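Below: the structure, in structure tokens.
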Amino acid sequence: MHDTSLLRLLQLASPSLPIGAYTYSQGLEAAIEAETITGESSARDWIIESLGIVGDFEAPILWRLLEGFAARDAETVTFWTERFVAARDTAEFRAETIQMGYSLSKLIVELRIADPELLEILECQPEIPLPTAFACAAEALGVPHEAALLGMLFSMIENQVLACVKSVPLGQVSGQRLLLSLHPVIEETMRHAQCLGDDELSNWAPGLSVLSMQHEVQYSRIFRS
């Protein structure tokens, strides 16, 4: 990667990006409440399992969206955007991706980083989930596709680790050790996502869906998912 592309990726994947990612745990808080996660080892098991789900569905769709925006193919972008939104099977998971997608798409407009054709494709979507907005931003910033996919995966996992540090709780050193140990898994997930055919995509995760629905009515919680 050129230095400029790397810097743009770091900014796009940064936890300081104002899209509200820190307010979500992606089901992890409910798993802590259910005592599925009790320490560093069980947190690592949970995150690896979550990466498997992402690698079978969200990451391959992001890959297809990156290609769609690169080709300026509105039909492809709409096809995969609609399928991703339809696959969010709980109210809070759907609200999470739409809220962050809206925030990132608004940021794209306000920073004026996208050309008119990219903006037209983005804005013609009835709803904009996070993968769609992220793919548009990556293309607008000239971030290579593999790097963009890796960046989004790392950003998601970093957010999960931060949620563990706050809520399990884990110490800061434990959190960094956990994140470092997940680097090979993130890389493998990135490679796996690029290889799946359309008929191999799956978001089958009934246990996570149940936890998400329980979290929606959880009495005391910090995160929005």
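When the test is whether a residue is in contact with a Cys (Cβ under 8 Å, 6 or more places away or on another chain) and among the aliphatic types (A, V, I, L, M), LEU17 does not pass it.
Look at region 196-224: where a residue is under 16 Å from ALA95 (Cβ atoms) and of a type in the set (Ser, Thr, Tyr) and a partner is at pLDDT 90 or above and surrounded by fewer than 16 Cβ atoms within 10 Å (Cβ to Cβ), sitting 6+ places away or on another chain with Cβ atoms under 6 Å, you get SER209/ASP89. Just to verify a result, which residue in region 9-36, among those that are of a type in the set (Val, Ile, Thr) and closer than 19 Å to LEU153 by Cα, is modelled with the lowest pLDDT? That would be THR23.
Going through (1) within 20 Å of TRP80 (Cα to Cα); (2) not in a helix (DSSP H, G or I) one by one, LEU119 falls short only on (2). Residues that are at pLDDT 95 or above and either part of a loop (DSSP other than H, G, I, E, B) or farther than 25 Å from PHE154 by Cβ (or both) within region 199-222 comprise ASP199, LEU201, SER202, listed in sequence order. For ARG8, state whether it is closer than 23 Å to ALA138 by Cβ and either outside any helix (DSSP H, G or I) or among the hydroxyl-bearing types (Ser, Thr, Tyr) (or both). It is false that ARG8 is closer than 23 Å to ALA138 by Cβ and either outside any helix (DSSP H, G or I) or among the hydroxyl-bearing types (Ser, Thr, Tyr) (or both). When residues in region 114-153 are screened for being over 20 Å from the mean Cα position of the chain (by Cα), closer than 21 Å to TRP63 by Cβ and buried (at least 16 other Cβ atoms within 10 Å of the Cβ), 3 of them pass. Among the numbered conditions (1) of a type in the set (S, T, N, Q); (2) in a helix (DSSP H, G or I); (3) touching a residue at least 40 places away in the same chain (Cβ under 8 Å); (4) surrounded by fewer than 23 Cβ atoms within 10 Å (Cβ to Cβ), the only one that THR81 does not meet is (4).
The residue list ARG94, ARG44 contains one member that is charged (D, E, K, R), in contact (Cβ under 8 Å) with a residue 40 or more places away in the chain, crowded, with 16+ Cβ neighbours inside 10 Å and over 24 Å from HIS145 (Cα atoms), which is ARG44.
The values are calculated or read from the model by the stated rules, or taken from the named source; none is laboratory data. All values derive from a computational prediction rather than experimental measurement. Positions of Cβ are generated from backbone atoms using ideal geometry, with glycine treated the same way; all protein chains shown enter the neighbour counts.
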